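The values are calculated or read from the model by the stated rules, or taken from the named source; none is laboratory data. The structure presented is a predicted model; accordingly, all values stated were derived computationally and were not measured. For the accessible areas, the whole protein counts, side chains as well, though only heavy atoms, and no ligand, DNA or RNA atoms are used. Shrake-Rupley method; radii C 1.70, N 1.55, O 1.52, S 1.80 Å.
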Amino acid sequence: MNFYIFILFFLILVFLFSFIIASIAVFVFVKFLKFKSQNLRRNKIYVAIILTVLFILFELFYNPAKNFKIAYIEKTNDKYVITVKGKRNLMVHDPISALKKGTYMDSAKFVVTRSCGIIKGMELPKENDSYPTINNDALIIDNKTITINLFYNNYDNKIKQPSSWNGKYKLVKRNF
């Protein structure tokens, strides 16, 4: 129940803040731009509603988490290690954290046997506590790019789950 009260209070606060910004905007239009309007109060409310909706849409749909578009490949002994990096969302434990949209740096390493060609998901080493990859997926490596297209067999939810690292990356060679 406290969460709903907080959300309601927050929405009222956002609307009041938007109303203040709308009042300033209408004042600027009337005084400096010689804008004539019959219903300034109604216009303030419309602008405040629009600003509130835009803020809420921004908070709901903007996600700062992303994969960086550069992957690194390194030779170690007789194998190759592909490293991809990106930002991931922090776990949210309270409403303020949800609005802050914090992120942290994360990376994934894929150990492969060759530095070019198509590497099937089943060729990748699997950790004991992870879901197995599906055989049709692959890492596709050419000279300058790598495409990661991995899916996991999620037995708990009975779904084919895509890897969060899927995508096309520019390939940078290190220690070759």
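Annotations for the structure displayed:
- Unsatisfied cross-links (Cα-Cα over 29 Å) in the set K85/K144; K79/K101; K79/K168; K126/K158: K79/K101
- Comparing N67, N89, N153 in a Gaussian network model of the chain (Cα springs below 10 Å), the most mobile by mean-square fluctuation is N153.
- With Cα atoms, 0 to 90° folded angle of helix 2-31 axis to the chain main axis: 60 degrees
- Acute angle (nearest 10 degrees) that the helix 40-61 long axis makes with the longest principal axis of the chain, alpha-carbon atoms: 10 degrees
- Cross-link partners of K66 among aspartates and glutamates (Cα-Cα below 18 Å; sequence separation of 8 or more within a chain): D106
- Helical mean residue ellipticity (222 nm; -39500 (n - 2.57) per DSSP H run of 4+; nearest 500) of the chain: -11500 deg cm²/dmol
- Global geometry of the range 68-176, whether rounded, prolate or oblate, following the gyration tensor of its Cα atoms and the 1.5 cut on a/c: oblate
- For K31, the lysines whose Cα comes closer than 25 Å to its Cα, not counting residues fewer than 8 places off in the same chain, are K44.
- Listed residues T52, T76, T145 arranged by accessible area, highest first, probe 1.4 Å: T76, T145, T52
- Whether the range 54-106 is rounded, prolate or oblate, judged on the alpha carbon gyration tensor where a/c under 1.5 counts as rounded: prolate
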